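Visitor: Below is a structure I'd like to ask you about.
The values are calculated or read from the model by the stated rules, or taken from the named source; none is laboratory data. Computed from a predicted model, the values in this text were never measured in an experiment. Here the Cβ is made from the backbone with ideal geometry for all residues, glycine too, and neighbour counts use every protein chain on show.
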Amino acid sequence: MSECIFCAIAARQSPASVIYEDERAMVLLDLFPVREGHVLIIPRKHGQFVGDFDDDLLGHMMSLARRTIVAQKAVAEKTGNLVIRGHNLIINDGKAANQHVPHLHLHVIPRQGGDSVALAFTWATRMMNYFGVAARRERLDRLAGLLHEHFPPA
């Protein structure tokens, strides 16, 4: 689907800070994160809703989420830059559920505890700041490289 940003990313027609990819899905850093290390898992095949995909792909996405969490914790321990005490795994299934990009994606958001108010504010305003995208991309690419180094095999 040509107007879908995630399809463009999967086809390597748009930039992304990719942590991992295989023939079925990609793991990348969110360009507008609500917390440092906010990751998106997107299927390569276009579909908007959970119901558009089979159990095998949905299970694969959850496996990638587990591996993402392992990598995030390893980077947090190694660098001390991330504080991680928990995670949110979120799928917004449809526009009424706050899905902004009509392509299924799973958010993996590291949490540090006591950050709910800041997280809610950031979630509500995160796509408003389009300035500084180039600097943000450099920072995300560095973090993607670190996470890639620690991404465990299946």
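Visitor: Quick one: in the range 86-105, which of the residues that are in contact with a Pro (Cβ under 9 Å, 6 or more places away or on another chain) and under 16 Å from residue 39 (Cα atoms) is surrounded by the most Cβ atoms within 10 Å (Cβ to Cβ)? First the steps, then the outcome.
Guide: Filtering the range 86-105 for residues in contact with a Pro (Cβ under 9 Å, 6 or more places away or on another chain) gives 86-88, 94-95, 103-105.
Those left that are additionally under 16 Å from residue 39 (Cα atoms): 86-88, 103-105.
Working: 86: 11, 87: 20, 88: 13, 103: 21, 104: 26, 105: 23.
By that ranking, first place goes to 104.
Visitor: Answer yes if at least one residue in the range 44-64 is of a type outside the set (Ser, Thr, Tyr) and within 10 Å of the chain's Cα centre (by Cα), and no otherwise.
Guide: Of all residues in the range 44-64, those of a type outside the set (Ser, Thr, Tyr) come to 44-62, 64.
Still in the list and also within 10 Å of the chain's Cα centre (by Cα): none.
Within the range 44-64, not a single residue is of a type outside the set (Ser, Thr, Tyr) and within 10 Å of the chain's Cα centre (by Cα).
Visitor: Which residue is farthest from the chain's Cα centre (by Cα), if the candidates are limited to the range 127-154 and must be at pLDDT below 60 and either within 25 Å of residue 70 (Cβ to Cβ) or not in a helix (DSSP H, G or I) (or both)?
Guide: Our first condition is that a residue be at pLDDT below 60; within the range 127-154, this holds for 127-131.
Next, only the ones that are either within 25 Å of residue 70 (Cβ to Cβ) or not in a helix (DSSP H, G or I) (or both) stay: 129-131.
On the way: 129: 18, 130: 18, 131: 20 Å.
By that ranking, first place goes to 131.
Visitor: For a quick check of your reading of the model, give me the residue pairs whose first member lies in the range 1-23 and is closer than 21 Å to residue 145 by Cα, whose second is of a type in the set (Phe, Trp, Tyr), with beta-carbon atoms closer than 7 Å and at least 6 apart or on different chains.
Guide: As it stands, the answer is 19/151; 20/151, since those pairs meet every condition given.
Visitor: Can you tell me how many residues within the range 64-98 are in a loop (DSSP other than H, G, I, E, B) and either of a type in the set (Gly, Ala, Ser) or modelled with pLDDT of 95 or more (or both)? Let's see the steps before the verdict.
Guide: If we filter the range 64-98 for residues that are in a loop (DSSP other than H, G, I, E, B), which is where we start, we get 80-85, 91-94, 98.
Now narrow it down to the ones that are either of a type in the set (Gly, Ala, Ser) or modelled with pLDDT of 95 or more (or both): 80, 91-94.
Total meeting the criteria: 5.
Visitor: So, in the range 24-57, exactly how many residues are without any contact (Cβ under 8 Å) to a residue 40 or more places away in the chain and within 21 Å of residue 71 (Cβ to Cβ)?
Guide: 5
Visitor: How about the range 27-63: which of its residues are touching a helix residue (DSSP H, G or I) at 6+ places or on another chain (Cβ under 6 Å) and either assigned to a loop (DSSP other than H, G, I, E, B) or surrounded by fewer than 16 Cβ atoms within 10 Å (Cβ to Cβ) (or both)?
Guide: Result: 32, 34, 37, 44, 46.
Visitor: Sticking with this one: Of the conditions (1) at pLDDT below 95; (2) in contact with a strand residue (DSSP E or B) (Cβ under 6 Å, 6 or more places away or on another chain); (3) of a type outside the set (A, V, I, L, M); (4) under 25 Å from residue 12 (Cβ atoms), residue 111 satisfies every one except a single condition; which number is it?
Guide: In the conditions (1) at pLDDT below 95; (2) in contact with a strand residue (DSSP E or B) (Cβ under 6 Å, 6 or more places away or on another chain); (3) of a type outside the set (A, V, I, L, M); (4) under 25 Å from residue 12 (Cβ atoms), residue 111 misses (4) alone.
Visitor: Report whether or not residue 16 is crowded, with 18+ Cβ neighbours inside 10 Å, assigned to a loop (DSSP other than H, G, I, E, B), at pLDDT 95 or above and in contact with a helix residue (DSSP H, G or I) (Cβ under 6 Å, 6 or more places away or on another chain).
Guide: Numbers: crowded, with 18+ Cβ neighbours inside 10 Å: yes; assigned to a loop (DSSP other than H, G, I, E, B): yes; at pLDDT 95 or above: yes; in contact with a helix residue (DSSP H, G or I) (Cβ under 6 Å, 6 or more places away or on another chain): yes.
Against the criterion (crowded, with 18+ Cβ neighbours inside 10 Å, assigned to a loop (DSSP other than H, G, I, E, B), at pLDDT 95 or above and in contact with a helix residue (DSSP H, G or I) (Cβ under 6 Å, 6 or more places away or on another chain)), residue 16 qualifies.
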